[in-house]
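Reading through the structure tokens given below for one structure.
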Amino acid sequence: MDAFLSEPRDLYHGRALAVVKPSDAAQVARLLALCNEQGVAVVPQGGNTGLVGGQTPDASGCQILLSLQRLDRVREVDPASDAMTLEAGVTLARAQDVAESVDRYFPLSLASEGSCTIGGNLATNAGGVHVLAYGAARDLVLGLEVALADGRLLSTLGKLRKDNTGYNLTQLFVGSEGTLGVITAATLKLFPHPRSRAVAFLGLDDPGKALALLNFVKDHAGPGLQAFELMSRIGLELVLRHIPGARDPLDAPHPWYALIEIAGFSEGEAERVVAATLTEALDAGHARDAMLAQSLDQAAALWRLRESMSEAQKREGGSIKHDISVPIERIPAFLEEAGRRIAAHFPQARPIPFGHMGDGNLHYNVSQPPGAEKAAFLAQWDEMNEIVHGLVAEYDGSISAEHGIGQLKRDLLARVKTPVALDVMRALKQTLDPRGVLNPGKLL
Ligand code: ZN
């Protein structure tokens, strides 16, 4: 059972009564009915890539781990309606391929796409690198099939773009982290396939310039802007040090970098737009230097710099993580103030923020001082969280932008939700899972 009982960051280890792998939605529903009757807790799990312990059972050994991996059928692909219906265990990479097979595009994209699954993506409302253009998982779903705690199957599956018939039950389950029901299938939106793509890497003076550049590129590329990622020099240096084959794309070092991706819907359009935009951005002083990928390989190498950031931090030692969002306009001030407060409390610690600036979402990770003891640094996790999350609250932000709440942030929820909001959430939980068998101890 080992592969199901620990998670990628090695923060949580659970035990389980059994790992159960049903092969269709009816079996999932029957399992839930039985567990509900017997009062046995069920922990649903997709690709086991979540970062907040939502998919890991507790240590009691009394919970059942419900793997959705065998629910991996493609039920329907309908390019004329721009919709596809997939079972929960289909991996995100395969969902992208299914869209591709009918010359459409499914835009959800994240580092774990080879193993994360559609059910998990929706249960956690996953974000990723294309939220700027297409929204988070929540925005990509038309309907769901959900096994309820009492063993009934609720279906809102369907291809309608317009359907004004009361409560949005689909969205209720998106982001509910398996605490209200178990998603067994989903109808997802398809989009026109971009015909050209351009990726560029820019050297910047500071996050204020990044904000100016973001607005400039939005103006010039319009809806073609697919991603706008921010990283710092110190982050890039860790990637260059630890990731084999990583190379600095620019001749001289710069304090900050932006990676932008622009799509075009005709041949060569993206390259034309990005070349014109870069020239003007450099002239306007928003960026110091820029490198435009000349091939798919170069584009992939640029993305690898950004996507290797977590791995590089891991190899550098202990890293205390935050998945935060603030209003985009406030990012430069937030970064400055966060750096100041951390330096005051942890003089040698190294903040290495990076992420989806275009969505106002940063992974504000703090690496241990060079040469320090990893365990001693990680023991300060809560204190560091307190500083960063306190500032996030002052900046009207969120403590979980795209990773969810799970076990890791459950006790922080009361800080960011009003008492009324928490009451309504608990009432929904009580209605749909009165015996508390669905992923107990997570989220609420
Ligand atoms: Zn991210």
Q.
Filter region 7-59 down to the residues that are closer than 30 Å to residue 363 by Cα and of a type in the set (Ser, Thr, Tyr) and list them by number.
A. 12, 49, 56
Q) What is the number of the single condition among (1) within 16 Å of the ligand (Cβ to nearest atom); (2) open to solvent by 40 Å² or more (accessible area, probe 1.4 Å) that residue 296 does not meet? A) (1)
Q) Under the condition of being assigned to a helix (DSSP H, G or I) and open to solvent by 30 Å² or more (accessible area, probe 1.4 Å), which residue from region 311-331 is nearest to the ligand (Cβ to nearest atom)? A) 311
Q) If we scan region 422-442, do we find a residue that is within 19 Å of residue 124 (Cα to Cα), assigned to a loop (DSSP other than H, G, I, E, B) and in contact with a strand residue (DSSP E or B) (Cβ under 7 Å, 6 or more places away or on another chain)? A) yes
Q: Output the residues belonging to region 107-139 that are over 24 Å from residue 362 (Cβ atoms), of a type outside the set (Val, Ile, Thr) and buried (at least 23 other Cβ atoms within 10 Å of the Cβ).
A: 119
Q: Test residue 64 against the stated conditions and say whether it is more than 16 Å from the ligand (Cβ to nearest atom) and free of Cβ contacts under 8 Å to residues at least 60 places away in the same chain.
A: yes
**Q.** Wholly enclosed strands (runs of 3 or more DSSP E) of region 1-90 bearing at least 1 residues at pLDDT 95 or above, under 18 Å from residue 154 (Cα atoms) and open to solvent by 50 Å² or more (accessible area, probe 1.4 Å)
**A.** 74-78
Q) If you go through region 83-134 one residue at a time, how many are β-branched (Val, Ile, Thr) and within 14 Å of the ligand (Cβ to nearest atom)? A) 3
Q.
Return the residues of region 58-99 that are over 12 Å from residue 118 (Cα atoms) and among the small types (Gly, Ala, Ser); say none if nothing qualifies.
A. 59, 60, 61, 67, 80, 81, 83, 99
Q: Out of the residues in region 266-282 that are in contact (Cβ under 8 Å) with a residue 24 or more places away in the chain and touching a Gly at 6+ places or on another chain (Cβ under 8 Å), state the one that is nearest to residue 211 (Cα to Cα).
A: 273
Q: Looking only at region 218-235, decide whether some residue is part of a loop (DSSP other than H, G, I, E, B), open to solvent by 10 Å² or more (accessible area, probe 1.4 Å) and not hydrophobic (A, V, I, L, M, F, W, C).
A: no
Q: Keeping to region 246-283, report how many residues are assigned to a loop (DSSP other than H, G, I, E, B), at pLDDT 95 or above and not basic (Lys, Arg).
A: 9
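Tell me, please, whether a residue that is free of Cβ contacts under 8 Å to residues at least 12 places away in the same chain, more than 16 Å from the ligand (Cβ to nearest atom) and open to solvent by 30 Å² or more (accessible area, probe 1.4 Å) can be found in region 142-163.
yes
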Q: Report whether or not residue 301 is aliphatic (A, V, I, L, M), more than 21 Å from residue 206 (Cα to Cα), part of a helix (DSSP H, G or I) and within 16 Å of the ligand (Cβ to nearest atom).
A: no
Q. Residue 167 versus (1) away from the ligand (no atom under 16 Å from the Cβ); (2) among the aromatic types (Phe, Trp, Tyr); (3) buried (at least 16 other Cβ atoms within 10 Å of the Cβ): which is the lone unmet condition?
A. (3)
**Q.** Residue list for region 402-444, filter: at pLDDT 95 or above, aliphatic (A, V, I, L, M) and more than 16 Å from residue 43 (Cα to Cα)
**A.** 420, 421, 422, 424, 425, 427, 428
Q) What number of residues within region 74-121 satisfy the criterion of being touching a residue at least 24 places away in the same chain (Cβ under 8 Å), basic (Lys, Arg) and either touching a Lys or Arg at 6+ places or on another chain (Cβ under 8 Å) or closer than 25 Å to residue 181 by Cβ (or both)? A) 1
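Out of region 135-154, which residues are of a type outside the set (Lys, Arg) and more than 22 Å from residue 67 (Cβ to Cβ)?
135, 136, 139, 140, 142, 143
The values are calculated or read from the model by the stated rules, or taken from the named source; none is laboratory data. Computed from a prediction, not measured in an experiment: that's the story for all the values here. Ideal geometry is used to build each Cβ from the backbone, glycine not excepted, and the neighbour counts take in all protein chains shown. Ligands, DNA and RNA are excluded from the accessible area calculation, which covers all protein heavy atoms including side chains. Shrake-Rupley method; radii C 1.70, N 1.55, O 1.52, S 1.80 Å.
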